[in-house]
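Report on one structure; see the data block that follows.
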Amino acid sequence: MRKTIIWDLDNTLYFETEEYKNKLNEATAAAAIKEFNVPLDFKEATEKVKESYATYRDGLEIFSREYGIPHKDLYVSYHNYKSELVKTIAPYEGLLENLKSLQCPQYVFSTSSKDICEKILKHIGLYDFFAGRFYSVEDFDVYKKNESPDVYARLCQTIGVNPQECIFVDDSYSNLDFAKQCGMTVSDYILSCAYNFKPKARLTKEEAVLLQNLDDCRSDLVKYTSALHGMSTKQRMVMFNQIPFMVGWLKELGNVAESVCQFLNAVKEKNKIPSNPKSEEE
């Protein structure tokens with residue numbers, strides 16, 4: 001039986017840059033202060049947003065709980081600010097081609113408003129692919145996905161599929177839990193699997209060498225530090241006043257820095273879907 005995939009949108013079908021996250025936190029704080037007179041300064045309100053997201057996976061929830069502001073009102077105000085931030089979103093390279101390769105019915109279900117969903121999908125180049133097949137929580141008169149399995153059942157009914165025929169992909173464990181209660185297949189690993197990608201089981205030989213070099217550098221630094229601590233101040237002054245020693249010392253430090261840079265450059269990856277469909281076997 002061919003499965004239907006239902007994708008979350010935010011931070012699932014696009015990458016939330018640090019710029020986007022910071023500005024979104026600031027926009028949420030500004031909405032709380034300007035629209036609802038929350039008795040906090042801007043810095044305090046921004047910290048509240050971060051705390052709320054860390055605790056509830058929702059930047060608005062803490063204001064609703066602590067200040068009695070209806071979540072619906074927060075939701076509407078928040079999206080008025082969020083609309084201006086869409087241009088800072090980073091699309092995944094090659095995403096559309098990978099989605100097409102799955103060859104199964106696919107939908108989007110998001111906590112973002114319908115208008116924001118449309119803007120984001122257009123910005124990341126997926127609007128035509130998901131046209132007529134993206135839904136917001138506000139389509140079901142709710143404003144969160146993590147309150148009850150009911151909204152997932154209603155979504156499936158609207159789409160015309162049984163929950164057991166669906167795979168739900170989301171970056172929130174609470175959302176995945178309620179989708180699972182509804183009967184959907186879920187996994188925090190499914191995002192990688194759906195792209196026909198599995199993380200490397202082991203480091204490549206090159207990566208192993210780089211990591212060993214880094215570990216050797218750490219050991220050398222520990223030895224240098226221990227040796228220096230074992231000397232008196234006078235001994236250290238005599239040693240560091242010797243030009244040949246200082247040249248050799250700086251050369252060794254340069255080797256350490258070079259090894260660290262090589263390792264960091266080797267593990268740094270571009271923001272794109274991995275193209276290797278198989279795990280490293282070695």
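The values are calculated or read from the model by the stated rules, or taken from the named source; none is laboratory data. It should be emphasised that the depicted structure is a prediction, and the values quoted were computed from it without experimental measurement. Because the Cβ atoms are built from the backbone with ideal geometry, glycine has one as well, and the counts that use them run over all protein chains shown.
Here are the numbers for the structure shown:
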{"quantity": "Selection count where residues are farther than 10 Å from Ile89 by Cα and loosely packed, with under 15 Cβ neighbours inside 10 Å, scope segment 4-17", "calculated": "0"}
{"quantity": "Close pairs (6 angstrom Cβ cut-off, 6 or more residues apart or separate chains): within 18 Å of Asp170 (Cα to Cα) and touching a residue at least 60 places away in the same chain (Cβ under 8 Å) in segment 1-30, assigned to a strand (DSSP E or B) and among the small types (Gly, Ala, Ser) anywhere", "calculated": "Leu9/Ser110; Phe15/Ala90; Thr17/Ala90"}
{"quantity": "Lys205 vs. criteria exposed (fewer than 12 other Cβ atoms within 10 Å of the Cβ) and either modelled with pLDDT under 75 or of a type in the set (Ser, Thr, Tyr) (or both)", "calculated": "yes"}
{"quantity": "Residue within segment 75-96 that is over 22 Å from the mean Cα position of the chain (by Cα) and surrounded by 17 or more Cβ atoms within 10 Å (Cβ to Cβ) present", "calculated": "yes"}
{"quantity": "The lone exception for Lys145 - which of (1) modelled with pLDDT under 95; (2) within 23 Å of Glu84 (Cβ to Cβ) it fails", "calculated": "(2)"}
{"quantity": "Filter result for Leu60 (touching a residue at least 60 places away in the same chain (Cβ under 8 Å) and either surrounded by 19 or more Cβ atoms within 10 Å (Cβ to Cβ) or more than 24 Å from Lys119 (Cβ to Cβ) (or both))", "calculated": "no"}
{"quantity": "Residue ranges of helices (runs of 4 or more DSSP H) in segment 67-135 with at least 1 members in contact with a His (Cβ under 6 Å, 6 or more places away or on another chain) and free of Cβ contacts under 8 Å to residues at least 40 places away in the same chain", "calculated": "114-123"}
